[in-house]
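Only one structure is covered here, and it is reproduced in the block below.
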Amino acid sequence: MNNESKSYRAAVVETWGAPPVITIVDHPMEAIPAGHVRVKVASAGASYVDALLASGSYQVKPSLPFVPGSEFSGTIVAVGNGVDATRVGQRVAVSGMGGGFAQSATVPSNAARPIPTDMPMEVAAVFMVSYGTALYALEQRGRLKAGETVLVLGAAGAIGLAAVQIASLLGAHVVAVASSDEKRALALDHGAKAAVDSAGEWAEAAKQANGGRGFDVIVDPVGGEMTVAAFRKLAWGGRHLVIGFAAGTIAALPANLALLKGASLVGVDIRQAYEKDADLSASISDKLFSLYASGRLQPHISTRFQLDGAAEALAKVASGAVVGRAIVQPRQSV
């Protein structure tokens, strides 16, 4: 057996901290449990959820120590009992609660979904969670119809940019909110009809960019004060999709606003949705892969890190410094 088969390098969180405290260790190669597969990791997305998990601030707190990286891609190199041996060699995308910031990961076989042969590994690493969340949010939770209007907060982030693209493909008129010229330009390049600065009177500026009308759907991965300001700009019967709290605070939304607008505040948690509906993941994946094959969906990867840079990757994502997506490539070296 070669050295790689005996151990692998992994980025490990051993104590909570903000920014995350990560140690690179040589981890013994574990046995593969029944129903699991071993994946040679190629790329892993660095997301805001990963930063929260690594700092102990997420609503679900993993046991220490643990390996971050809730979405990643790679190749199946071995399988446990009960798994079809022909899966060895499959290129897959994996999503879960961690494990991707390592050269090897052992995961349940049903968590490793085969990817199209023409999809690059780094694209696969950041595709399923952000685009899956956006599609589920807009189609199933937001009941978006062609011709409706959508306001996307944090429009150059992982979920925001995916939502801009998905909403545009579904025939919506999209107005994006982002904090810099670069981020707003990216949203426009990916289908937004207008983009406004998140500083100042941004909510009124967004409404004016929508012809002075309220929005049918709001995509909100930001939270905080922006949630209340955005909710006030809903049209009658509008749907405000709560996806995350990148601002770091949870809004105190006056309940009378929902009554006055006949509006809905709708939670979106694709992880729980997948747990409660065994067929949902497959149906969403199939649709996303079809859209990718047609050339209509393309993640924007702006920043790449080696495994030693995992802590820096999460710190930059948490600070909002990343435009589009950042990835960690565990097997890359200088």
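The values are calculated or read from the model by the stated rules, or taken from the named source; none is laboratory data. These numbers were taken from a predicted model, which means no experiment stands behind them. Cβ atoms come from the backbone with ideal geometry, glycine included; neighbour counts cover every protein chain shown.
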Hey, among the residues in the range 237-285 that are touching a Lys or Arg at 6+ places or on another chain (Cβ under 6 Å) and hydroxyl-bearing (Ser, Thr, Tyr), which one's farthest from residue 152 (Cα to Cα)? 285
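The rows are residues; the columns are (1) within 23 Å of residue 314 (Cβ to Cβ); (2) aliphatic (A, V, I, L, M); (3) within 24 Å of the chain's Cα centre (by Cα); (4) at pLDDT 95 or above.
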position	(1), (2), (3), (4)
157	yes, no, yes, no
162	yes, yes, yes, yes
180	yes, no, yes, no
186	yes, yes, yes, yes
223	yes, no, yes, no
236	no, no, no, yes
253	no, yes, no, no
Checking residue 59 against (1) part of a loop (DSSP other than H, G, I, E, B); (2) surrounded by 15 or more Cβ atoms within 10 Å (Cβ to Cβ), which test does it fail? (2)
Show the residue pairs meeting these rules: Cβ distance below 6 Å; 6+ apart or different chains; first residue within the range 230-255 and outside the structural domain of residue 217 (by TED's automatic domain parsing); second residue surrounded by 19 or more Cβ atoms within 10 Å (Cβ to Cβ). none
Restricted to the range 81-110, and to residues that are outside any loop (DSSP other than H, G, I, E, B) and within 16 Å of the chain's Cα centre (by Cα), which residue is surrounded by the fewest Cβ atoms within 10 Å (Cβ to Cβ)? 95
Being among the aromatic types (Phe, Trp, Tyr), part of a loop (DSSP other than H, G, I, E, B) and either surrounded by fewer than 18 Cβ atoms within 10 Å (Cβ to Cβ) or at negative phi (or both), is that true of even one residue in the range 129-141? no
Per the filter on the range 165-200, residues β-branched (Val, Ile, Thr) and either surrounded by fewer than 24 Cβ atoms within 10 Å (Cβ to Cβ) or in a strand (DSSP E or B) (or both) are 174, 175, 177, 196
